[in-house]
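Below is one structure; the comments refer to it alone.
The values are calculated or read from the model by the stated rules, or taken from the named source; none is laboratory data. Note that the coordinates shown come from a computational prediction; the quantities given were computed from them, not determined experimentally. Positions of Cβ are backbone-derived with ideal geometry, glycine not excepted, and every protein chain shown enters the neighbour counts.
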Amino acid sequence: MPAQSGRRVHGRALCWAARIIPLVIGFWIAAWVMIAYIDALLPHDYEVENLYPLAGLIWLVPLMLAAIAWKWHLIGGISIAVATAAFFVYFVLRPPYEAYSFYIMYFPWALVFLGGGVLNLIAWAGERRS
C-alpha cells in the first residue's frame, strides 16, 4: 500500500519542479562551459591558453547528477547538495583568476542548482510521508 501512495505523490508539481529545475540548470552549465572550451580549441588571432583541455568534462557532473535526481530524489538531492557545496568550497579557497566574473556569472547558477537539490530532498520527504 505505501508504494501506491508514493506513486500518487510522485506525479505532483513539486516532484516535477524537483526534476526539471536541476536538469535545465545542469544542461545550461554543461553547455555553456563546453562551448567555451570548444571556442578555446578553435584558431584565433590571439593565443588562448588551455592547460587542461579535458577539465571541461567536469562540468558534465551537474547534468549527470540531475539525471540521477530525475529517478531517485534522495540520492540525487544529496549528491547535488554535496557537489554544489564542494564547488563553493573549492572556489572560495582557490578563486579563479577572474574571481569577479565567477561571482557574477557562476555563483547564481550554482545557487539555483543547489535549490534544485534541496527541492529533490523535499520531494523525497513528501513521498515518504504519503
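Just a few scattered comments:
- Test: residue in the range 67-80 that is at pLDDT below 90, under 19 Å from Met34 (Cα atoms) and buried (at least 17 other Cβ atoms within 10 Å of the Cβ): no
- The set of residues from the range 12-23 being assigned to a helix (DSSP H, G or I) and in contact (Cβ under 8 Å) with a residue 12 or more places away in the chain comprises Leu14, Cys15, Ala17, Ala18, Arg19, Ile21, Pro22, Leu23.
- Scanning the range 32-39 for any residue that is at pLDDT 85 or above, β-branched (Val, Ile, Thr) and outside any loop (DSSP other than H, G, I, E, B) turns up nothing.
- Considering the range 81-103, and only residues there that are over 15 Å from the mean Cα position of the chain (by Cα) and modelled with pLDDT of 75 or more, the residue that is surrounded by the most Cβ atoms within 10 Å (Cβ to Cβ) turns out to be Phe91.
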